[in-house]
Structures are given as C-alpha cells and as structure tokens.
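**Student:** Please see the structure below; I have some questions.
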Amino acid sequence: MNAKAKDICRRYGVATIGLVFVALGVALSIISNLGTAPLSCPAYVLNLRFTALSVGTFTLLVNTSYLFIQLALLRRDFKAKYLMQVVASAVFGYMIDGCLWALSWLHPETFAARLGLTLLAALVTAFGVSVEVAADAWMLSAEMTVNAFAKVLRKPFGPVKIVMDTLIVVLSAALAWIFFANPFGAGHVTGAADVLLARVPGIVIGLGTLLLAFLPGALMRLTDPVVERLRGRSGRAARTR
C-alpha cells in the first residue's frame, strides 16, 4: 500500500472514531430524555411514531434525503465523492443503534442524573466533532447541506448552521404535533415542567435540545487542543516505528 492510500485509510479511520463519539452523544441525549441534539430530532420523532424502524435507520434515511437538497443547490458543482455521505450516514446510524443497545442498562431517574447525561453528551459530541474535523475526511449529510447553503448564499457557515438547526427543530416539532398532538415529543404533557424535568417519556425537544445546540461548539475550544495533542503524539509514534 502506497503512502497516499495509507493516508486516506488513516484519515477515514480517524473520522470513523469521531463518528463513534458523536453517535454516543446522540444515544446519551436520547437516554437522558431531556431532548436530543437538533440534527437528531427528526429521526427520533419518526422512530417514536414508527417503532418498527430504529433511530439509526431513520438517521440514515433523513441524512440521505439531504443529498437531494444538495443536488438542487449545487447542481453541476455536486461531485461524485459527495455520495460517500451515504456510507458515513449508514455507519453513523448503525453506531447510534449500537450505542443505544450498549447503554440499554442505563435508566436515569432524577433530573440531576438526566442533566449530567446531557452535559456528558455535549462533551462527547464536541470531542467527536473535533476528531472529525482533524481527520479531514467524510462529513455527515447535515453538515454538508449547511456547507452547500453557505456556498450558494455566500454566507458564513456558522450563521447558516444556526438557521438550519432551528428549521430542523421546528420541522420536528411540527411532526411531533401531527403524530402525537405534542410539539415536544410522544408523551402526554400537562405543563412545562413535564418537558423541562422529563416527567414523561419520549421527550424529543426540550432543555437538552437547547443545551446540545450550543454547548458542543463552545466545548470544542477545550477538545480541539486535546485532539491536536493526540495527533502530535500519534505522529511522533508513527515516525519512530
């Protein structure tokens, strides 16, 4: 295997490790029942309504649908290599299901425990995204779609991502209302405390959604340097072999 092939394998291998951490963050947020990250809201709502398909399967389907948006936006600028998003989404979806299975023993009962899981989900997600960025390999379809909008609209990535995240949450709330007559998820809600304190099951949009919309980006200021140090150590180790 030549040096270029080794570099590609290494980068995609590292990116896959990043996906594992992001998938773990999604699983932790679902188990916390305080609300999932914005980009995971549609898949979780659909899973609660159509239980025959897993969250991971719906994640693959939702992410694949973003390809059509990218095709409409980019047209001739859409490159064949972007189809690797389907592979990344499939791997990511199966990882979410695997993490949910591995953590099926975890049943937080207090608000403090649920909040702790949400904060851990934010930290794990931040680390996973830092690893993905450092790998410079595949990206998930949602992020690529944000990038496509930013390119076409000639706007910075950050503000466009905020708008897209907001629209996805609104769409998820609309689906939850259609399916369950409850914009926050599948449970029967009688007051705001039921959502904020996770007193009912099946909360999709809640306090956790708000925290996971902003905390991972802020925490990446901590995780980015950690990943850079790990890259430096692995690079030195590779040169000494």
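The values are calculated or read from the model by the stated rules, or taken from the named source; none is laboratory data. Model, not experiment: these values are computed from the prediction. Ideal geometry is used to build each Cβ from the backbone, glycine not excepted, and the neighbour counts take in all protein chains shown. SASA here: full protein model, heavy atoms, side chains in, ligands and nucleic acids out. Shrake-Rupley method; radii C 1.70, N 1.55, O 1.52, S 1.80 Å.
**Student:** Count the lysine pairs in the chain whose Cα atoms lie under 22 Å apart, taking only pairs 8 or more positions apart in sequence or on different chains. Intermediate results must be reported in sequence, preceding the final value.
**Tutor:** Numbers: 4/79; 4/81; 6/81; 79/151; 79/155; 79/161; 81/151; 151/161.
Value for the chain: 8.
**Student:** Among the chymotrypsin sites (Phe, Trp or Tyr not before Pro) in the range 1-82, which ones are in a DSSP loop with at most 15 other Cβ atoms within 10 Å of the Cβ? Mind listing them?
**Tutor:** On the way: sites: 12, 21, 44, 50, 58, 66, 68, 78, 82; in loops: 50, 78.
Here the sparse-neighbourhood loop sites are 50, 78.
**Student:** Any chance you could list the semi-axes, whole Å, largest first, of the equivalent ellipsoid that the Cα gyration tensor gives for the chain, using √(5λ)?
**Tutor:** Working: eigenvalues 189, 97, 52 Å².
Largest first, the chain gives 31, 22, 16 Å.
**Student:** Distance between Cα centroids, the range 60-91 to the range 105-136: provide it in whole Å.
**Tutor:** After rounding, the separation between the Cα centres reads 26 Å.
**Student:** Is the range 143-186 best put as rounded, prolate or oblate by its Cα gyration tensor, with a ≥ b ≥ c the root eigenvalues, rounded for a/c under 1.5, and otherwise prolate when a/b is larger than b/c, oblate when not?
**Tutor:** Numbers: a/c = 4.27, a/b = 3.57, b/c = 1.20.
Judged from the Cα gyration tensor, the range 143-186 comes out prolate (a/c at least 1.5, a/b above b/c).
**Student:** Taking θ = phi - 60°, what integer Hz values does the Karplus form 6.51 cos²θ - 1.76 cosθ + 1.60 yield along the range 203-214, in sequence order, with x for Gly and Pro?
**Tutor:** For the range 203-214, the Karplus-derived couplings read 6, 9, 10, x, 4, x, 4, 5, 5, 6, 6, 10 Hz, x marking Gly and Pro.
**Student:** I need to check one value: relative contact order of the range 148-241, counting alpha carbon pairs closer than 8 Å and at least 6 residues apart, in percent. Don't skip to the answer; put the middle values down first.
**Tutor:** Working: 56 pairs, mean separation 13.0, N = 94.
Once normalised by length, the contact order is 14 percent.
**Student:** If you don't mind, another one. Among rounded, prolate and oblate, which fits the range 103-236 when a ≥ b ≥ c are the square roots of the eigenvalues of its C-alpha gyration tensor, a/c under 1.5 means rounded, and a/b larger than b/c means prolate?
**Tutor:** On the way: a/c = 2.74, a/b = 1.40, b/c = 1.96.
In terms of gyration-tensor shape, oblate.
**Student:** To the nearest 10 Å², what's residue 133's accessible area with a 1.4 Å probe?
**Tutor:** Its heavy atoms expose roughly 100 Å² to the probe.
**Student:** Where does helix 3-32 land angle-wise versus the long Cα axis of the chain, in degrees 0 to 90, nearest 10?
**Tutor:** Roughly 10 degrees between the two axes.
**Student:** May I pose another question? For residue 101 and residue 151, calculate 0.36 nm times their separation in residues minus their Cα-Cα distance, and state this gained length in nm to one decimal. Mind dumping the intermediate values first?
**Tutor:** Values: separation 50, 0.36 × 50 = 18.00 nm, distance 3.82 nm.
Full extension of this stretch gives 14.2 nm more.
**Student:** Where in the range 28-87 are there trypsin sites (Lys or Arg not before Pro) that are in a DSSP coil and have at most 13 other Cβ atoms within 10 angstrom of their Cβ?
**Tutor:** Numbers: sites: 49, 75, 76, 79, 81; in loops: 79.
Taking the range 28-87 and a limit of 13 other Cβ atoms within 10 Å, the loop trypsin sites (Lys or Arg not before Pro) found are 79.
**Student:** Please report the relative contact order for the range 1-132, taking Cα pairs under 8 Å with a sequence separation of at least 6, and give it as a percent rounded to a whole number. Mind dumping the intermediate values first?
**Tutor:** Numbers: 135 pairs, mean separation 64.9, N = 132.
49 percent.
**Student:** Just flag the trypsin sites (Lys or Arg not before Pro) in the range 139-232 sitting in loop per DSSP whose Cβ has no more than 13 other Cβ atoms within 10 Å. Walk me through the numbers on the way to the answer.
**Tutor:** Working: sites: 151, 154, 161, 199, 221, 229, 231; in loops: 154, 199.
Counting only loop positions with at most 13 other Cβ atoms within 10 Å, the trypsin sites (Lys or Arg not before Pro) in the range 139-232 are 154.
**Student:** Something else about it: Send over a whole-number figure in Å² for the accessible area per residue of the chain, probe 1.4 Å. Walk me through the intermediate numbers first.
**Tutor:** Numbers: 13020 Å² over 241 residues.
Per residue, the chain has 54 Å² of solvent-accessible surface.
**Student:** Shifting gears a bit: Note down the magnitude of the dipole of the chain about its Cα centre, charges +1 on Lys and Arg C-beta and -1 on Asp and Glu C-beta and zero elsewhere, to the nearest 20 debye. Mind dumping the intermediate values first?
**Tutor:** Working: 22 positive and 11 negative charges, 233 e Å.
So the magnitude is around 1120 debye.
**Student:** Please list, in order along the range 176-181, the HN-Hα scalar couplings obtained from phi with the Karplus expression 6.51 cos²θ - 1.76 cosθ + 1.60 (θ = phi - 60°), rounded to whole Hz, x for Gly and Pro.
**Tutor:** Per-residue couplings from phi come out as 4, 5, 5, 7, 10, 6 Hz.
**Student:** Moving on. Can you pull the percent of the chain's accessible area that's carbon plus sulfur, 1.4 Å probe, other chains left in place?
**Tutor:** Values: 8940 of 13020 Å².
That fraction is 69 percent.
**Student:** A follow-up question, please. With an 8 Å cut-off on Cα pairs and a minimum separation of 6 or more residues, tell me the relative contact order of the chain in percent.
**Tutor:** On the way: 344 pairs, mean separation 78.5, N = 241.
Computed over the chain, the figure is 33 percent.
**Student:** Something else: Using only the heavy atoms of the protein chains and a 1.4 Å probe, how would 74, 119, 211 rank by accessible area, largest first? Mind showing how you got there, number by number?
**Tutor:** Numbers: 74 20, 119 80, 211 45 Å².
Descending order: 119, 211, 74.
**Student:** OK, next. Please list 3J(HN,Hα) in residue order for the range 135-147, calculated via the Karplus relation 6.51 cos²θ - 1.76 cosθ + 1.60 where θ = phi - 60°; whole Hz, with x for glycine and proline.
**Tutor:** Couplings: 5, 6, 10, 7, 10, 6, 4, 4, 5, 5, 5, 4, 4 Hz.
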